[in-house]
Amino acid sequence: MNPPTRARFEQLHRMVELLANLGIVAVAVLGCAVLIRQLQPRPLVPAAARQQATRPPAPMVGTGLTLPGMDFASADRTLVMVLSTQCHFCADSAPFYQRLVAAASRTRGVRLVALLPQAAEEGRRFLASLGVTVNAVVQAPLTAVGTRGTPTLLLLDAQGVVGRVWRGRLSPEAEQQVLDAVTTPAARGGGLP
């Protein structure tokens, strides 16, 4: 190799080496910036606030509800079962709903109503597939009763005022609370137990 070509080759070699080193430094600086960003302390959110942010809202106890074609005064208490044909917790809760139907049928002045976002006929077929019979099936958006989540159970008095709310797949203890609330005789004047 002649001397001018060799000098040119060495100069090109040094230039490539310099560019490679600059690239390594740039990647290292960028990596450090990302690492520092990841390690920065974040404000702590209390568990209750995180849970509240992820849970759908529930109707407020003491709130009056109206449903299409529903006269709450025709029963001392109405248990509104807010369900969806697409809710696996609703289907999984079928044995409890069957016990609930049996208990309500033995209790005077209690009416069971299923509210579903799907068409009423589709809701009836869904309930029949679960072996659950209710007094009425209402098609309405979940927001009509102030919730976005299913299953939700609402116990209303004869004026349509929410007295109790249960949400989600219930524990055995919560199931017993619902059964007790439905089967306990209403207070004089049609109030909730």
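Note down the magnitude of the dipole of region 73-186 about its Cα centre, charges +1 on Lys and Arg C-beta and -1 on Asp and Glu C-beta and zero elsewhere, to the nearest 20 debye. Please report the intermediate quantities before stating the final value.
On the way: 11 positive and 8 negative charges, 16 e Å.
Dipole of region 73-186, to the nearest 20 debye: 80 debye.
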Placing +1 on each Lys and Arg Cβ and -1 on each Asp and Glu Cβ in the chain, then taking the dipole about the Cα centre, the residue among LEU12, ILE24, GLN86 whose Cα reaches farthest towards the positive end is LEU12
Please report the antiparallel percentage of DSSP beta bridges with both residues in the chain, rounded to the nearest 5.
55 percent
Run a plain Debye calculation on the chain (Cα atoms as equal point scatterers, no solvent) and give log10 I(q)/I(0) at q = 0.13, 0.17, 0.18 Å⁻¹, rounded to two decimals, same order as the q list.
-0.72, -1.08, -1.19
Square roots of five times the C-alpha gyration tensor eigenvalues of region 1-42, ordered largest first and given in whole Å, equal 41, 4, 4
The chain, helix-only ellipticity at 222 nm - DSSP H runs n ≥ 4, -39,500 (n - 2.57), divided by all residues, nearest 500:
-14000 deg cm²/dmol
Least to most buried among SER171, SER84 (fewest other Cβ within 10 Å first):
SER171, SER84
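Any read-out appearing in this document is the output of simple, stated calculations on the displayed coordinates, not a laboratory observation. On a predicted model such as this, the values are computed, not experimentally measured, just so you know. Positions of Cβ are backbone-derived with ideal geometry, glycine not excepted, and every protein chain shown enters the neighbour counts.
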